[in-house]
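The structure under discussion appears below in the form of structure tokens.
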Amino acid sequence: METTKHGLKKPDDEMFYDIEDFNHNTDILEKHLDDASLHVNATDIAQITEVSTLSQIDEVDTNFTMWGKVKKAISTLVSHISNVATGSTLGHIKIGTGIQMNSGTASVKLTDSVSTNDSTTALSAKAGKVINDSKAPTNHASTATTYGIGSDKNFGHIKLSDTYASHVGGVASAIGASQAALYNAYAGLNSGLNGKAPTNHASGGTGYGIGTSSAFGHVALSDNYALTSNAASGHAPSNYALANAYNTLYNKLGAYMHTQTTTVINTKDSMISEVVPTIIPNYTFTGAVVGFNVSGKNATYTNITECFYNGKNVKVCARALEGKTINVTVEVKLLYIKKL
């Protein structure tokens, strides 16, 4: 007699079958089939309680706990398949022509147009490609104006130049100065300015150039009117020096203005009249005629063409205008100075 690993007795082939062994094996099978922890039929499964949460089947599960988990998984799957996706619930949708709900079924609306104003419309792959093709790459420096140049009206790309001494393009050319151009311009100007005079450059030296008989320049003033050593050497008399010189000479010479009247000039044409300068005691006539005045008939039609001292007399030349007859006298003003 041979015994299997599950305890069943198996008669040898050479022996007659023993009824007792068959009965024994039958008892073992019956007991095994009656073990509800090992064998569960459909009726029993229907009575098994479904677990509350989804979980994995593990080695410690019995038939009852295992089928409880299986029932939970099946009910969850069935419930999920019937779920419709909404704005707040995860679920299933059907792909159609728009995002919409119809009898509890959601569908997705796609568009190939990138200009749609419909906020519920999703972009298709084709529309995404249009957007991608219409954008500049991340690195888009270019020698062309493809990506838009800057100007006095538009913000955009500009090209830099190191040139500063001459322009290489105005606003429309979108060319700007580089850092090197700015620095070189600054350095050049700064170097040139170092050789220039400051705004306020009055100085006791001659570093800024003095005025001479041949050059315009800086001149120093002097209050000394009698100084002769600084002729044309950048020195000039001040107003104070000139006033002192005038007052000194005036007090020494004593100027005097004397008025004399000519003989009557009566003519329709031209006429010459002479005045002999009066001798004035202690004064000398300088020969200077410093003015004249015309009075009499048709004085406004009288043109004095000459009035000067000829070394002997004061000569007055008059001419009538517009054919008028003039009958006028001329007062001449003569300058005398006091004798030393």
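The values are calculated or read from the model by the stated rules, or taken from the named source; none is laboratory data. Please read these numbers as outputs of a predicted model, since none were measured by experiment. A quick note on method: Cβ atoms are made from the backbone with ideal geometry, for glycine too, and the neighbour counts reach across all protein chains shown. Protein only, heavy atoms only, side chains kept; ligands, DNA and RNA dropped before computing areas. Shrake-Rupley method; radii C 1.70, N 1.55, O 1.52, S 1.80 Å.
Things to note:
- For the range 114-133, taking the residues that are at pLDDT below 80, among the polar types (S, T, N, Q) and open to solvent by 50 Å² or more (accessible area, probe 1.4 Å), the one that is farthest from THR146 (Cα to Cα) is identified as THR120.
- For ASN154, the test of being of a type outside the set (Val, Ile, Thr), at pLDDT below 85, open to solvent by 70 Å² or more (accessible area, probe 1.4 Å) and out of contact with any strand residue (DSSP E or B) (no Cβ under 6 Å at 6 or more places or on another chain) is failed.
- Top-ranked residue in the range 101-113 [being surrounded by 12 or more Cβ atoms within 10 Å (Cβ to Cβ) and part of a strand (DSSP E or B); ranked as modelled with the highest pLDDT]: THR111
- Search result, residues across the range 229-241 that are modelled with pLDDT of 70 or more, under 24 Å from SER214 (Cβ atoms) and of a type outside the set (Gly, Ala, Ser): HIS235, PRO237
- Filter pass, VAL314 being of a type outside the set (Lys, Arg), more than 60 Å from the chain's Cα centre (by Cα) and at pLDDT 90 or above: yes
- Residue within the range 282-292 that is part of a loop (DSSP other than H, G, I, E, B) and either farther than 18 Å from LEU334 by Cβ or basic (Lys, Arg) (or both) present: no
- Flag if LYS333 is free of Cβ contacts under 8 Å to residues at least 60 places away in the same chain and of a type in the set (Lys, Arg): no
- Consider the range 304-328 and keep the residues that are of a type in the set (Ser, Thr, Tyr) and surrounded by fewer than 16 Cβ atoms within 10 Å (Cβ to Cβ). The one that is nearest to THR259 (Cα to Cα) is THR305.
- Set side by side, the residues PRO198, PRO137 differ, and just one is closer than 30 Å to ALA241 by Cα and open to solvent by less than 70 Å² (accessible area, probe 1.4 Å), which is PRO198.
- Qualifying residue in the range 257-265 (condition: open to solvent by 60 Å² or more (accessible area, probe 1.4 Å) and without any contact (Cβ under 8 Å) to a residue 60 or more places away in the chain): no
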